[in-house]
Amino acid sequence: MARFLARRTLQGLIVIWLVTVIVFLIFYVGPGSADVARALAGRTAPPETVALISHRLLLDRPVYEQYWHFLTELLRGNLGYDYYHDESVAVIIKQAFPVTFSLLIGAAPLWLILGVGSGVYAATKPRSFLDRVFTGIALFFYSIPTFVLGLVLVLFRYYELTIHGHAWFPPSGYVPFTRDPVQWAHNLILPWITLALVTAGAYTRLARTSMLEVMNEDYLRTARAKGLKERRIVYRHGLKAASTPLVTQFGIDVGALIGGAVITEQVFGLPGLGYTAVHAIEQQDLPVIIGIVLVASAGVVVANILADLFYAVLDPRVRLS
């Protein structure tokens, strides 16, 4: 297991390094990189001011010097400074990350419970009425765009209830957990439901398909012949064997969400990583964009390494791959 972890960690570090190279080339050597100094100085600024800004940002140096400075500062934890407010990018990300992480820790358990629970139950009663109902519901929510479901929830769960005097759900906003845990959860109920319903459909289909494949395996027939209860056979033996694709999917979803639930954060006005990234793109604030891209990439790599480790626990053959 130690060798497996070391190998996966090394592969993850290589991936992150390649991401830094690609990000640097896109933002600092790409077609729009030459306009950064002019955009910051303003259209009417004299050439001397533009040259001074380029020198400050190291844009007048060779590419390899720029990348070496970029990489060394990155290893020190310095992600640069916001072009327009001269604020540390690390501070901006530190402020936005708890919002995105709050979405993750609330929505992930919900979509696992809804998706895996309904998928396993549907697999135990194949071709039944409930199987068709769960499959249909999963496909329905899986097909709905996130922004549509979010706006529908805001409309019916907030506006309609508020009009009738039931202010149960706030429309938007974020309250830190350290300030008020109850209000923190209250403000995030609708975003959690939105993410959970959209994401759970994939888990319903995966769980159902995987369970149907393993339910007729010889070792499960042997367990039934020994007199084990069906519930124990399904959830202790069958689900464990069928959970490997679920773990893979969970790693992908968690990694993607760490990078920011862009649409959900926009709909509900949550100042997370996705919300911050959109505003940085609108302003062409390169350091903030680069910082969020690197944090998102690291999140995807870490989530997939953890998923691989859990995958190896479930299936020891993976450690030899």
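The values are calculated or read from the model by the stated rules, or taken from the named source; none is laboratory data. On a predicted model such as this, the values are computed, not experimentally measured, just so you know. Here the Cβ positions follow ideal geometry from the backbone for every residue, glycine too, while neighbour counts run over all protein chains shown. Areas reflect the complete protein model, heavy atoms only, side chains present, ligands, DNA and RNA absent. Shrake-Rupley method; radii C 1.70, N 1.55, O 1.52, S 1.80 Å.
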Handout entry: The lone exception for Ile252 - which of (1) touching a helix residue (DSSP H, G or I) at 6+ places or on another chain (Cβ under 7 Å); (2) surrounded by fewer than 17 Cβ atoms within 10 Å (Cβ to Cβ); (3) under 28 Å from Pro145 (Cβ atoms) it fails
Key = (1)
Fill in the blank from the handout: By residue number, the members of the stretch 29-71 that are hydroxyl-bearing (Ser, Thr, Tyr), at pLDDT below 70 and open to solvent by less than 50 Å² (accessible area, probe 1.4 Å) are Ser33
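Matching residues to (1) part of a helix (DSSP H, G or I); (2) under 27 Å from the mean Cα position of the chain (by Cα):
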| site | (1), (2) |
| --- | --- |
| Ala51 | yes, no |
| Gly77 | no, yes |
| Phe101 | yes, yes |
| Leu114 | yes, yes |
| Gly119 | yes, yes |
| Ala122 | yes, no |
| Pro126 | no, no |
| Val133 | yes, no |
| Ala138 | yes, yes |
Completion exercise
Checking Gly238, Gly255 in turn, the sole residue that is touching a Leu at 6+ places or on another chain (Cβ under 8 Å) and not polar (S, T, N, Q) turns out to be Gly238
Handout entry: Residues of the stretch 83-94 satisfying the condition of being surrounded by 14 or more Cβ atoms within 10 Å (Cβ to Cβ) and under 20 Å from Ser297 (Cβ atoms)
Key = Ser88, Val89, Ala90, Ile92, Ile93
Problem - Qualifying residue in the stretch 157-168 (condition: β-branched (Val, Ile, Thr), modelled with pLDDT under 85 and surrounded by fewer than 11 Cβ atoms within 10 Å (Cβ to Cβ)) - result: yes
Practice task
At least 3 residues that are open to solvent by less than 10 Å² (accessible area, probe 1.4 Å) and either of a type in the set (A, V, I, L, M) or at pLDDT below 85 (or both) in each: list the helices (runs of 4 or more DSSP H) lying fully within the stretch 257-321 that qualify.
Solution key: 286-314
Completion exercise
Going through the stretch 220-239 in order, the residues found to be closer than 27 Å to Val198 by Cβ and either at pLDDT 85 or above or open to solvent by 60 Å² or more (accessible area, probe 1.4 Å) (or both) are Tyr235
